[in-house]
């Protein structure tokens, strides 16, 4: 007798994840909804926190503000650690993704935790030569770092094309879900 196959898990939409966090996060943590970026492995939340009041006596306002904003992020990280980890545990159990956190205050932004996932790939000689050239030129310390650098470069210079591709994929997913 054959064992019935389990149905594949339904993909979790960004709206579901965003809505869950909107209902779950304390109202006083951020000045508005956090930015949430997701992929198959991770959900990264970056929230904007209130800035400290400016010190009119400070001689160098820019330096004072940068230091105050950075310290405010550090304070937020320390004061919310236990609660953030409890929320992350709930979300990870619910969505099957690691939750990473960050905060923005003024012009300062810090990501506290995030995944760095090894990716396996097969490269031919010409492709390996590109990576080795980047290593030899001290652009990267290793082939792995060179490959990550290449991915970042493509994301920067092809962001419009990548955005259009993501939009098209969302449309495909919508049609798939409508057809059941």
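Each value in this text was obtained by applying a stated rule to the coordinates, not by laboratory testing. On a predicted model such as this, the values are computed, not experimentally measured, just so you know. Positions of Cβ are backbone-derived with ideal geometry, glycine not excepted, and every protein chain shown enters the neighbour counts.
Brief remarks follow.
- Two numbers describe the Cα atoms of the chain: Rg and Dmax, which are 21.2, 81 Å.
- Using every pair of separate Cα atoms, the Kirkwood estimate puts the hydrodynamic radius of the range 14-111 at 14.4 angstrom.
- Taking every DSSP bridge with both residues inside the chain, close to 55 percent are antiparallel.
- Entry note, the chain: the mean residue ellipticity at 222 nm calculated from DSSP H runs of n ≥ 4, each adding -39500 (n - 2.57), is -18000 deg cm²/dmol after division by the residues and rounding to the nearest 500.
- Using a Gaussian network model of the chain in which every pair of alpha carbons under 10 angstrom is joined by a spring, one finds that among 70, 142, 100 the greatest mean-square fluctuation is at 142.
- Scoring 116-124, 27-35 by mean Cβ neighbours within 10 Å over their residues and listing the highest first yields 27-35, 116-124.
- Compactness of the range 125-179 is given as radius of gyration and Dmax, 16.6, 51 Å, from Cα positions.
- For the chain, relative contact order (Cα pairs under 8 Å, six or more residues apart, normalised by length) works out to 16 percent.
- The length gained on full extension between residue 132 and residue 90, counted as 0.36 nm times the residue separation minus their Cα-Cα distance, comes to 10.9 nm.
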